[in-house]
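Novice: Dumping the structure here so I can ask a few things about it.
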Amino acid sequence: MDVVVVGAGQAGLSAAYFLKRANLDHVVLDADGGPGGAWRHRWPTLRMATVHGIHDLPGMPFAEPDPTAPANEVLPAYFADFERRNGLDVRRPVRVHAVRDHGGLLRVETDHGAWETRALVNATGTWTRPFWPRYPGQELFRGRQLHSSQYRGPEEFTGQHVVVVGGGTSAVQQLLEIDRYAARTTWATRREPEFFDEPFTPELGRAVVAKVDERVRQGLPPRSVVSVTGLNLTPAVRDALRTGVLDRRPVFERITEDGVVWPDGTHEHVDAILWATGFRAALDHLAPLRLRGPGGGIGLDGTRVVADPRVHLVGYGPSASTVGATRAGRAAAREIKASLSRREAA
């Protein structure tokens, strides 16, 4: 192939769209059983009214949805329609195990055989790599611990004391849902949360992407977009701040069999701990290419990996949200087209 795209979320589909327009021979390999990327796995009670910052796939505007509709149905349907309308060659479910150098080509090894390609667009996102922090006593806790990626709805926490750990959008959204059912909720974050009260304009989006891009160019692991923007002061968030639901506490120092010990030394009984502590880039299959630098990140020039220009990362760092995914897909396709043309000319 000219190009193999790994992952069919927003960034991967955007790349495939522009690769097709550039007449490059390509295929998209996706590990999921159907369209939608990470949106397929969002919790069932997440509604479109509370989803922030959906940006259009290229050439296909996202129609204003019913605000009460489940996000894990609306957005996969949109992705499926995009694949169908554009005739994209998406193979699924295909799991990529490793990508290796193979005599100047890249060999993409999967559970359905291997592809050899002149260039690779990696768009595997972060959903499959939830981050679980470690705290003393964590293994002793007799209550329930789950990651936000495992959260399926608030009813199962009825009558419980739930501690939600994390300062991102998912932490806030899930906490507000759980608080309506739980006997008590506590919000804990490592850093004091910051809130912003301005529209998420294209200008703000570009500024956010630039800040994340700066770290990536330095070869450091990327930070999340919300760590740059802060939390949006929606009406629901304002109300929760006013009523004390979002009265944040510093994270506990250790976990006991039946609770947590806060920094002031007090022990408190807890029934469940929800770790809304984010994700890391799902890049283990690229390990044979040795792309990481001394800083622990993968240095990029645009979307192109500095250590191996055959590899492009989209949905990573500055393009790890919908605000940058389409732009990254376009940039990767353009650069690959130019690079392959230079190789042919040589």
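Novice: Just need a number here: residues in the stretch 60-94 that are touching a residue at least 60 places away in the same chain (Cβ under 8 Å) and over 30 Å from residue 288 (Cα atoms).
Specialist: Taking the stretch 60-94 as the starting set, the residues that turn out to be touching a residue at least 60 places away in the same chain (Cβ under 8 Å) are 79, 82-83, 86-94.
Okay, now just the ones that are also over 30 Å from residue 288 (Cα atoms), so 79, 82-83, 86-87.
Qualifying residue count, the stretch 60-94: 5.
For every residue, the table says whether it meets (1) within 30 Å of residue 113 (Cβ to Cβ); (2) in contact with a strand residue (DSSP E or B) (Cβ under 6 Å, 6 or more places away or on another chain).
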| site | (1), (2) |
| --- | --- |
| 1 | yes, yes |
| 8 | yes, yes |
| 14 | yes, no |
| 21 | yes, no |
| 31 | yes, no |
| 43 | no, no |
| 55 | no, no |
| 63 | no, no |
| 68 | no, yes |
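Novice: Being crowded, with 18+ Cβ neighbours inside 10 Å, within 25 Å of the chain's Cα centre (by Cα) and touching a residue at least 12 places away in the same chain (Cβ under 8 Å): is that true of residue 255 here?
Specialist: So residue 255 does not fit the description; no.
Novice: Something else about it: Conditions first: (1) touching a Lys or Arg at 6+ places or on another chain (Cβ under 7 Å); (2) buried (at least 20 other Cβ atoms within 10 Å of the Cβ); (3) part of a helix (DSSP H, G or I). Residue 312 passes all but one, so which condition is the exception?
Specialist: For residue 312, the failing item is (3).
Novice: Out of 182, 171, report the one residue that is in the same structural domain as residue 247 (by TED's automatic domain parsing), small (Gly, Ala, Ser) and either out of contact with any Phe, Trp or Tyr (no Cβ under 6 Å at 6 or more places or on another chain) or free of Cβ contacts under 8 Å to residues at least 12 places away in the same chain (or both).
Specialist: Checking each option against the conditions leaves just 171.
Novice: Need the failing condition index for residue 249 against (1) assigned by TED's automatic domain parsing to the domain that holds residue 103; (2) touching a Pro at 6+ places or on another chain (Cβ under 9 Å), just the number.
Specialist: (1)
Yes/no matrix, rows are residues, columns are (1) among the aromatic types (Phe, Trp, Tyr); (2) buried (at least 24 other Cβ atoms within 10 Å of the Cβ); (3) outside any loop (DSSP other than H, G, I, E, B):
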position	(1), (2), (3)
1	no, no, no
5	no, yes, yes
23	no, no, no
27	no, no, yes
31	no, no, no
35	no, yes, no
40	no, no, yes
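Novice: Determine which member of the set 97, 102, 26 is free of Cβ contacts under 8 Å to residues at least 60 places away in the same chain and either over 24 Å from residue 168 (Cβ atoms) or charged (D, E, K, R) (or both).
Specialist: On the way: 97 fails: free of Cβ contacts under 8 Å to residues at least 60 places away in the same chain; 26 fails: free of Cβ contacts under 8 Å to residues at least 60 places away in the same chain.
Within the list 97, 102, 26, the selection yields 102.
Novice: Got a sec? Which of 326, 266, 303 is assigned by TED's automatic domain parsing to the domain that holds residue 171 and of a type in the set (Ser, Thr, Tyr)?
Specialist: Result of the check over 326, 266, 303: 266.
Novice: What's the number of the condition residue 40 fails, among (1) more than 23 Å from the chain's Cα centre (by Cα); (2) more than 16 Å from residue 312 (Cβ to Cβ); (3) without any contact (Cβ under 8 Å) to a residue 40 or more places away in the chain?
Specialist: (1)
Novice: Ok, one more. So, in the stretch 136-152, of the ones that are farther than 30 Å from residue 289 by Cβ and under 24 Å from the mean Cα position of the chain (by Cα), which residue ends up surrounded by the fewest Cβ atoms within 10 Å (Cβ to Cβ)?
Specialist: Out of the qualifying residues, it is 152.
The values are calculated or read from the model by the stated rules, or taken from the named source; none is laboratory data. Bear in mind that the values here come from a model prediction, so they are computed numbers and not experimental data. When we count neighbours, we look across all protein chains shown, and the Cβ atoms used for this are built from the backbone with ideal geometry, even at glycine.
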